[in-house]
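Peer 1: Quick one: the structure is below, questions incoming.
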Amino acid sequence: MRPALATGLLGITFALSAALFDAEPLWVPGIALAVLAAGSAAWVLLAARGVSVRRTLGATRVVEDEPLSIVLEVRASKLALPCAHVIDPLLSAPAALPAGRHAGRVRVNARFARRGSHPLGLTSVLVSDPLGLASRTVVAQPSARDDEILVLPRIEPLVSSATGGDAARVARNSRRLVGAQAELDGIRPLRDGTPASRIFWPAIARGADPQERYLRADGDSRPLVVLDPRGAADLAALDAAVRAAASIAHAFARDGGCGVLLPGDRRPTELAESLSRWPQVHARLALVGPAGAPSLGSASQRRGAIVFVSARVRQRLPQALGVGHGAARVLVVPGAIADRDAAFTVAGCSAYVLGARSLRGRDLAGRART
């Protein structure tokens with residue numbers, strides 16, 4: 001209000017001078033300036049008193065670098081707004097609203113380059129008169145519903161180092177590579193209705209009680225994606241590891257299902273082909289920080305392949321995930337490991353097959369072409 005105050009004081013000065021020195025020509029500018037300053041200040045104060053700001057989000061979750069539509073709606077309940085500018089952290093510059101109206105809208109197309117929870121900040125409206133003599137800023141009331149966006153990690157394709165094929169084919173070949181097949185779990189007494197292919201014939205040949213072979217539950221035979229965010233060189237390496245884990249889990253889930261073991265979890269979260277639990281896992285991946293470690297106890301008991309995604313470059317898997325049960329172990333690291341050939345790459349990370357009973361890492365190129 002300083003310009004309006006200065007203008008009003010100037011008008012009063014002219015009026016006093018006209019009265020003291022009997023200078024009648026000074027009465028007109030003096031009265032005009034005083035009325036102009038008082039009118040501008042009163043208009044702005046009354047118009048700003050009834051201003052409200054409403055933020056409408058196109059979604060509360062968005063994937064990295066994807067556009068998000070946000071509408072900022074300003075309403076004046078008393079007087080029409082003389083001049084108004086919307087100020088928001090997502091706007092590169094204040095956006096002007098049409099003058100002399102009771103309402104106005106500003107549409108923002110925002111993009112977020114990094115995953116995580118992003119507070120949007122508060123929107124404010126600068127109300128002023130056309131001459132800029134008086135102004136007042138109205139700050140919107142905070143709303144927990146509309147003031148935070150969850151940015152999800154981007155899903156990127158798996159690219160075979162041998163063929164550079166599309167994501168779907170590489171996912172199928174990678175799944176075949178890591179050997180997500182059911183393993184024999186043991187022998188038990190024969191039950192009615194058991195197929196002949198699962199009857200344990202050596203027991204019958206020895207004259208023992210009939211027995212059958214049984215398989216471990218399908219969930220244990222599916223690939224398991226494990227994320228270890230510790231020791232990242234920087235935030236870029238951590239984000240690359242999270243994107244790689246999300247991309248691999250999403251590809252494997254669509255190709256038959258898989259498990260995902262995140263930091264702090266004691267048991268994996270199983271993802272089916274329907275991807276019904278994927279939104280929950282995706283949201284948790286968005287919030288993964290540099291601390292915390294996955295519990296590898298349950299992972300070491302899996303019969304299926306294990307894909308270990310590390311946020312730091314390492315040469316070998318943790319001891320608890322050593323090659324066992326004949327299933328493959330795949331190490332995924334940011335960047336690349338010198339003097340080693342990657343099976344496939346994803347989100348700036350490289351994947352290396354460390355072992356499998358029936359499939360060697362050198363067979364990837366041949367299998368990827370089939």
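The values are calculated or read from the model by the stated rules, or taken from the named source; none is laboratory data. Only a predicted model underlies this, so the values are computations on that prediction, with no experimental measurement involved. Neighbour counts run over all protein chains shown; Cβ positions are idealised from the backbone, glycine included.
Peer 1: Looking only at residues that are surrounded by 16 or more Cβ atoms within 10 Å (Cβ to Cβ), more than 30 Å from Arg115 (Cβ to Cβ) and of a type in the set (A, V, I, L, M) in the stretch 63-92, which one is farthest from the chain's Cα centre (by Cα)?
Peer 2: Leu79
Peer 1: Okay, next question. Confirm whether Ser276 is farther than 24 Å from Arg114 by Cβ and modelled with pLDDT of 85 or more.
Peer 2: So Ser276 passes the test.
Peer 1: Right, here's the next one. From Pro268, Pro279, Pro290, Pro229, grab the single residue that is of a type outside the set (Ser, Thr, Tyr), in contact with a helix residue (DSSP H, G or I) (Cβ under 9 Å, 6 or more places away or on another chain), surrounded by fewer than 17 Cβ atoms within 10 Å (Cβ to Cβ) and assigned by TED's automatic domain parsing to the domain that holds Thr345.
Peer 2: Being of a type outside the set (Ser, Thr, Tyr), in contact with a helix residue (DSSP H, G or I) (Cβ under 9 Å, 6 or more places away or on another chain), surrounded by fewer than 17 Cβ atoms within 10 Å (Cβ to Cβ) and assigned by TED's automatic domain parsing to the domain that holds Thr345 holds for just one of Pro268, Pro279, Pro290, Pro229, which is Pro290.
Peer 1: Do we find that Arg115 is out of contact with any Pro (no Cβ under 7 Å at 6 or more places or on another chain), charged (D, E, K, R) and not assigned by TED's automatic domain parsing to the domain that holds Gln280 in this structure?
Peer 2: Numbers: out of contact with any Pro (no Cβ under 7 Å at 6 or more places or on another chain): no; charged (D, E, K, R): yes; not assigned by TED's automatic domain parsing to the domain that holds Gln280: yes.
It is false that Arg115 is out of contact with any Pro (no Cβ under 7 Å at 6 or more places or on another chain), charged (D, E, K, R) and not assigned by TED's automatic domain parsing to the domain that holds Gln280.
Peer 1: Going by the conditions given, is Ala342 assigned to a loop (DSSP other than H, G, I, E, B) and at pLDDT below 90?
Peer 2: Yes; evaluated as a whole, the condition is true for this residue.
Peer 1: Could you list, in sequence order, all residues of the stretch 1-49 that are closer than 30 Å to Ala110 by Cα and at pLDDT below 80?
Peer 2: Of everything in the stretch 1-49, nothing turns out to be closer than 30 Å to Ala110 by Cα and at pLDDT below 80.
Peer 1: Looking at Ser128, is it more than 30 Å from His282 (Cα to Cα), in contact (Cβ under 8 Å) with a residue 24 or more places away in the chain and not acidic (Asp, Glu)?
Peer 2: Here the answer is yes, as Ser128 does meet what is asked.
Peer 1: If you don't mind, another one. Does Leu133 satisfy the criteria of being buried (at least 19 other Cβ atoms within 10 Å of the Cβ) and touching a residue at least 60 places away in the same chain (Cβ under 8 Å)?
Peer 2: On the way: buried (at least 19 other Cβ atoms within 10 Å of the Cβ): yes; touching a residue at least 60 places away in the same chain (Cβ under 8 Å): yes.
Yes: the conditions hold for Leu133.
Peer 1: Further, regarding this structure: Given the structure, is Thr163 β-branched (Val, Ile, Thr) and modelled with pLDDT of 65 or more?
Peer 2: no
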